[in-house]
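This report refers to the structure that appears directly beneath it.
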Amino acid sequence: MTINAQDAGADTGAQGMTIVARTQSQMVRRRFFRHRAALAGMIVFGFVIVLSFTSIGFGGIPGWWDKDFTATGALVNQGKPTLGLIPEFLGGSGFHFGEHPFGQDNIGKDYFALTMRGAQQSIIVAFTVAIVATVVGAVVGAMAGYYRGKAEAILMRLTDVMITIPILVIAAVLGRKFGESGVVLLGIVLGLVIWPSMARLLRGEFLSLREKEFVEAARAVGTSGTRIIFRHILPNTVGVIIVSATLSVANAVLLESALSFLGLGVQAPDTSLGQLINEYKTAMVTRPWLFWWPGIFIIAIALSINFIGDGLRDAFDPRQTRVRA
């Protein structure tokens with residue numbers, strides 16, 4: 001008879017009964033999948049990614065939606081959305097997409113295709129920002145936390161200077177300069193702005209772990225500092241890195257949306273969710289669907305990623321988990 005233990009640590013029970021310990025990764029997965037908000041966020045975010053990238057296609061691969069986000073046309077029904085969501089038994093027209101489910105903009109472009117393109121660009125920028133910020137912040141925080149001394153002083157003073165300057169101001173200046181160069185380059189530039197929070201967080205982890213016995217043992221046998229950092233200490237901070245990187249994605253979505261809303265992010269002829277809101281903010285009263293759809297997708301992306309981040313935080317650090325009665 002085999003029983004899975006609730007917590008780590010193998011043990012032997014009564015005669016004929018073996019308690020099998022779960023590994024750390026198994027416990028993390030178990031705690032994450034028991035986090036209902038995180039699961040809901042993962043489903044919503046996965047749905048947004050699949051919908052946006054498969055509908056209009058990406059990178060030369062065609063999608064299942066037959067309209068292009070750059071094509072103009074005649075206004076159908078004054079550009080109103082043709083999407084039906086109210087069932088017939090409630091007096092509605094039933095569920096249907098119609099020719100222009102999200103409506104059309106002022107010059108007849110299909111707004112569903114525009115919104116999907118905006119979601120694609122916002123997601124690409126957000127993930128690029130998170131990857132760059134995580135890599136730079138992890139390297140700076142690891143070096144400062146392990147080597148201490150002059151290296152820590154120089155790196156952390158640089159980090160303090162970056163923190164004192166408002167992120168939106170730096171991002172606005174850089175976004176205006178690099179916004180026309182493509183979303184990937186824009187994401188890299190923005191990632192080089194928001195790394196300080198990761199660096200400070202990881203430095204604290206390294207200051208604690210560098211005094212552990214396994215690090216002292218590695219030093220005693222002559223292991224180099226670089227190998228200790230990347231082979232011994234860094235793997236023990238993977239939980240902190242994953243959670244911080246996940247939350248950076250949500251922050252990057254909002255940052256890109258804010259810059260595009262100010263006209264300093266993704267530039268025409270391309271588009272993003274923030275740019276769509278900026279372009280049609282004056283239509284809030286007369287044609288509100290031009291404002292609603294990009295806003296709904298921004299909220300859905302940011303909230304779902306935040307919920308995923310909360311679930312990962314609770315999974316990697318059980319002390320954060322709320323105890324149920």
Might you check whether a residue that is at pLDDT below 85, in the same structural domain as residue 195 (by TED's automatic domain parsing) and within 22 Å of residue 188 (Cβ to Cβ) occurs anywhere in the range 231-249?
-> yes
Filter pass, residue 7 being outside the structural domain of residue 273 (by TED's automatic domain parsing), modelled with pLDDT under 60 and under 17 Å from residue 315 (Cα atoms) | yes
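Which ones in the range 144-167 are part of a helix (DSSP H, G or I) and farther than 18 Å from residue 198 by Cβ?
Narrowing the range 144-167 to residues part of a helix (DSSP H, G or I): 144-147, 149-164, 167.
Once the filter is applied, which keeps residues that are part of a helix (DSSP H, G or I) and farther than 18 Å from residue 198 by Cβ, the range 144-167 yields 149, 150, 153.
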Only residues that are farther than 25 Å from residue 272 by Cβ and not small (Gly, Ala, Ser): list them for the range 197-211, please.
-> 200, 201, 202, 203, 205, 206, 207, 209, 210, 211
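Among the residues in the range 177-194, are any part of a helix (DSSP H, G or I), under 23 Å from residue 239 (Cα atoms) and not hydroxyl-bearing (Ser, Thr, Tyr)? Even if it seems obvious, please write down each step before you answer.
As a first pass, look at the range 177-194 and keep what is part of a helix (DSSP H, G or I): 177-181, 183-191.
Filter once more, so that each one left must be under 23 Å from residue 239 (Cα atoms): 191.
Next, from what is left, pick out any that are not hydroxyl-bearing (Ser, Thr, Tyr): 191.
Within the range 177-194, one or more residues are part of a helix (DSSP H, G or I), under 23 Å from residue 239 (Cα atoms) and not hydroxyl-bearing (Ser, Thr, Tyr).
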Tell me, yes or no, whether the range 172-183 has at least one residue that is more than 30 Å from residue 117 (Cβ to Cβ) and not aromatic (Phe, Trp, Tyr).
-> no
Identify, from the list 286, 237, 271, the residue that is surrounded by 15 or more Cβ atoms within 10 Å (Cβ to Cβ), among the hydroxyl-bearing types (Ser, Thr, Tyr) and part of a loop (DSSP other than H, G, I, E, B).
-> 271
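Looking for whichever is within 21 Å of residue 80 (Cα to Cα), free of Cβ contacts under 8 Å to residues at least 40 places away in the same chain and surrounded by fewer than 20 Cβ atoms within 10 Å (Cβ to Cβ) here; the options are 296, 277. Which one fits?
Details: 277 fails: surrounded by fewer than 20 Cβ atoms within 10 Å (Cβ to Cβ).
Answer to the selection: 296.
Every residue, every condition in (1) touching a Gly at 6+ places or on another chain (Cβ under 6 Å); (2) at pLDDT 85 or above, yes or no:
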position	(1), (2)
34	no, yes
42	no, yes
45	no, yes
48	no, yes
51	no, yes
55	yes, yes
64	no, yes
71	no, no
Out of all the residues in the range 103-126, is one or more modelled with pLDDT under 90, in contact with a Pro (Cβ under 7 Å, 6 or more places away or on another chain) and either in a helix (DSSP H, G or I) or within 22 Å of residue 277 (Cβ to Cβ) (or both)?
-> yes
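The values are calculated or read from the model by the stated rules, or taken from the named source; none is laboratory data. Quick caveat, the model's predicted, so the values are computed rather than measured. Glycine also receives a Cβ, built like all others from the backbone with ideal geometry; neighbour counts cover every protein chain displayed.
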